[in-house]
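Here is the structure we will look at, set down as structure tokens.
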Amino acid sequence: MTPAPVTPQRPLVVAANRLPVMRAADDSWTPSPGGLVRALLPMLRGAGGAWVGWTGVVDDDAAPFTLDGVELHPISLSPSEYDDYYEGFSNDSLWPLYHDAVRESSFKTQQWDAYVAVNERFAASLAEVAPPGAVIWVHDYQLQLVPQMVRELRPDATIGFFLHIPFPPWELFARLPWRSEIIEGLLGADLVGFQRLMGAENFALIAQRLGLLADPTAGEITVAEPNQPTVLATATGRHVKIGAYPISIDVEEFSELAAERNVRRASATVRSGLGNPEVVLLGVDRLDYTKGIGARMRAFLSLLDDGTLDAERCVMIQVATPTREAVEHYQDERHEIERLVGEINGLHARIGQPVLHYLYRSLSLEDLVALYLAGDVMLVTPLRDGMNLVAKEFVASRRDVNGVLVLSEFAGAADQLTDAVLVNPHDDDAMRAAIVHAIEMNHTERTRRMAALRDAVARSDVRSWAERFLEDLTGIAPQQSGRDVS
Ligand code: ADP
Ligand code: F6P
């Protein structure tokens, strides 16, 4: 179903680190998988919009092109920018810092300089391609300087920013040598959206402590409800809305896939391939150290070691997508996970029957949904996560109203999925208890919880998320030009 464009009279231009396309085998472009792309492309198409981003290939000087009526404007990254802007500042400085500093960040001036240069390139491209009075929507931590840069180049535009990952508290954020520059960059937007209320409040408090708000002595700034922005008055005399806009998935897509006969057949094949065990535990993540994959494997190992779980009756599947493989923390994490897989199978597998099945690769959406249907207990145990869409995808796929979700309290999804078995992944005993509780849960409680989870996921999907954000954004008239373009 293609929704009507939210702002038919105002062109929408999106900027994200990656373009919403992948190169197919024949070198043509196809839309990337993922709910965000599927939600935004129809809005761009309907509003004569465009998307500015990187093709994912270094030194790719691809010219602008059109896909299904949407203009795509590639941003080129040199090999050294890939190292310094993408792997370095974005994924070795900001990523760990914004995820509770679960790994040490590196702070290098050369990487910061590349981050500034690439943000400037995005801003220049946006300023060039955005039609007069456009709505510009900038996404995520790689592009936090872009809002203010675009504001200076294009005061007629209305600018939104959404952060897909957590926003940390002052105690962590203050470590960043360029902390004021980042906040000033974000304050260039008309609306800054976060996944959780906590992220929005952290941002307001930090802006205040850095002296970037009009009244640095004002009391605590609270953001009371999701989807209800609060207005900040900045030291430069502007008004910036901030709010929590929890992202979701394309619920219909997962539900429809789960009903397909080939997907259900593939799910049955998975279970028979495992030897039809009584219990299948499932994990599906990027192989990221924030995802708590090791914590859940260690809990599984300890339950096998002490005989609480029986390897003949209970198996685990862990799918881990390769990601950011040149960054050292990711290499370390992969080694640790693969060591654990070896240890667990070495101690508890039988000939021809691993107790932990580990796949280090990406899967098709059909295969992913088949796994969601094959699992009895889905383990989503990040140490910190902006939202975690896998948890919502699992729930949307379970038309059978069965299966148990074990979910970390530190995932944004825990705010909506309160009927999951919520767990603190830092607490080994709590992890063990949550897994046992999920396995032993009776049918009545399982279906009651899953029905409630499915209601929660059905209440908001990625299209309504985008519409809500854009409605709140476009309610703001452009401030510097004074020109009403709505
Ligand atoms: P993050 O954005 O940190 O990767 P999310 O859970 O929010 O975490 O989103 C991950 C997305 O990647 C989900 O849409 C999920 O379906 C997809 N995904 C995760 N693992 C795989 C895999 N092995 N193959 C294909 N897609 C995957
Ligand atoms: O969750 C943040 C995020 O940047 C997602 O938007 C993206 O799908 C994922 O992490 C993987 O990121 P990368 O673009 O570095 O592969």
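The values are calculated or read from the model by the stated rules, or taken from the named source; none is laboratory data. Values in this document were obtained by computation on a predicted structure and should not be read as measured data. Because the Cβ atoms are built from the backbone with ideal geometry, glycine has one as well, and the counts that use them run over all protein chains shown. Just the protein is used for accessible areas: all its heavy atoms, side chains included, with ligands, DNA and RNA removed. Shrake-Rupley method; radii C 1.70, N 1.55, O 1.52, S 1.80 Å.
How much solvent-accessible surface does K108 expose, in Å² to the nearest 10, with a 1.4 Å probe and all protein chains in place?
Here the residue's solvent-accessible area equals roughly 110 Å².
Less than 17 Å from a label point 7 Å out along the Cα-to-Cβ axis of E225: which backbone N atoms in region 430-469 qualify, by residue?
Backbone N within reach: 459-460, 465, 468-469.
Dipole of the chain, Cα-centred, from +1 at each Lys and Arg C-beta and -1 at each Asp and Glu C-beta, to the nearest 20 debye?
Dipole magnitude for the chain comes out near 900 debye.
For region 340-486, give the magnitude of the charge dipole about the Cα centre (Cβ charges: +1 Lys/Arg, -1 Asp/Glu; no others), in debye to the nearest 20.
280 debye
Determine the shape class of region 101-244: with a ≥ b ≥ c the square roots of the Cα gyration tensor eigenvalues, call it rounded for a/c under 1.5, and otherwise prolate if a/b is greater than b/c, oblate otherwise.
It is oblate, given that a/c is not under 1.5 and a/b is not larger than b/c.
Restricting to the chain, what percent of DSSP beta bridges are antiparallel, rounded to 5?
20 percent
Report the one residue of M387, T321, T418 whose Cα lies farthest in the direction of the positive end of the charge dipole of the chain (charges on C-beta: Lys and Arg +1, Asp and Glu -1; origin at the Cα centre).
Looking along the dipole axis, the top candidate is T418.
Quick check: from the Cα gyration tensor, does region 327-465 come out rounded (a/c under 1.5), prolate or oblate?
Taking the square roots of the gyration eigenvalues as a ≥ b ≥ c, region 327-465 is prolate.
So what is the accessible area of the chain per residue, in Å², with the probe set to 1.4 Å?
Spelled out: the 1.4 Å probe surface of the chain, per residue, equals 39 Å².
Using a cut-off of 23 Å between alpha-carbon atoms, which lysines can reach K392, once sequence neighbours fewer than 8 places away in the same chain are excluded?
Within the straight-line limit of under 23 Å, K392 reaches these lysines: K291.
In what order, largest first, do F107, F161, F65 sit by accessible area if the probe radius is 1.4 Å?
F107, F65, F161
Can you give the calculated 222 nm mean residue ellipticity of the chain, where each DSSP H run of n ≥ 4 adds -39,500 (n - 2.57) and the sum is split over every residue, rounded to the nearest 500 deg cm²/dmol?
Value at 222 nm, helices only: -12000 deg cm²/dmol.
Show me the ranking of peptides 93-99, 176-182 by mean Cβ neighbours inside 10 Å, starting with the highest.
93-99, 176-182
Placing +1 on the Cβ of each Lys and Arg and -1 on the Cβ of each Asp and Glu in the chain, which of L176, V369, H139 has its Cα farthest towards the positive end of the resulting dipole?
V369
So, taking all protein chains as they sit and a 1.4 Å probe, how much accessible area belongs to H426, in Å² rounded to tens?
Looks like 100 Å² after rounding.
Hey, could you get me the Stokes-Einstein D for region 18-64, Kirkwood radius over alpha-carbon pairs, 4 °C and 1.567 mPa s, rounded to whole µm² s⁻¹?
The diffusion coefficient I find is 111 µm²/s.
As a test of reading the structure, rank Y141, Y358 by solvent-accessible area (1.4 Å probe, protein chains only), most first.
Ranking Y141, Y358 by accessible area, largest first, yields Y358, Y141.
Roughly what percent of Cα-Cα pairs across region 250-341 reach past 23 Å?
Looking at region 250-341, the distances longer than 23 Å represent 41 percent of pairs.
Multiply the residue separation of E409 and T447 by 0.36 nm, subtract the distance between their alpha-carbon atoms, and state the gained length in nm to one decimal.
Extra length available between E409 and T447 comes to 11.6 nm.
Can you give me the relative contact order of the chain as a percent, contacts being Cα pairs under 8 Å and 6 or more apart?
Contact order relative to length: 14 percent.
Quick one: if the Förster radius is 35 Å, what FRET efficiency do A233 and R459 give, using the C-beta to C-beta distance and rounding to 0.05?
Efficiency computed from Cβ-Cβ geometry: 0.60.
Two decimals is fine: what is log10 I(q)/I(0) at q = 0.06, 0.10, 0.11, 0.13 Å⁻¹ for the chain, from a Debye sum with one equal scatterer on every Cα and no solvent?
Calculated log10 I(q)/I(0) at the listed q: -0.27, -0.78, -0.94, -1.28.
Can you figure out the FRET efficiency of E471 with H335, using R₀ = 51 Å and their beta-carbon distance, to the nearest 0.05?
Calculated transfer efficiency: 0.65.
Stretch R313-N424 to full length: gain in nm at 0.36 nm per residue minus the Cα-Cα span?
Difference between extended and current length: 37.4 nm.
Please report, ordered by residue number, every helix of the chain (full DSSP H runs) that is 20 Å or longer along its axis going by C-alpha atoms and whose mean Kyte-Doolittle hydropathy reaches -0.5.
Passing helices, by number: 109-129.
Leaving ligands, DNA and RNA out of it, rank D27, D472 by accessible area with a 1.4 Å probe, largest first.
If we order D27, D472 from most to least accessible, we get D27, D472.
Using R₀ = 30 Å, calculate the FRET efficiency as 1/(1 + (r/R₀)^6) where r is the Cβ-Cβ separation of E440 and A349; round to 0.05.
Working from the Cβ atoms, E equals 0.80.
How far, in nm, would the chain grow between E256 and S78 when pulled straight, counting 0.36 nm per residue and subtracting the alpha carbon separation?
60.0 nm
Would you mind checking the radius of gyration and Dmax of region 296-403 based on alpha-carbon positions, in Å?
For region 296-403, the Cα-based Rg and Dmax read 14.9, 41 Å.
With a 1.4 Å probe and all protein chains left in place, how much of the accessible area of the chain comes from carbon and sulfur atoms, in whole percent?
Roughly 48 percent of what the probe reaches on the chain is carbon or sulfur.
Cα-Cα pairs above 17 Å in region 1-133: how many percent?
Value for region 1-133: 63 percent of Cα pairs lie more than 17 Å apart.
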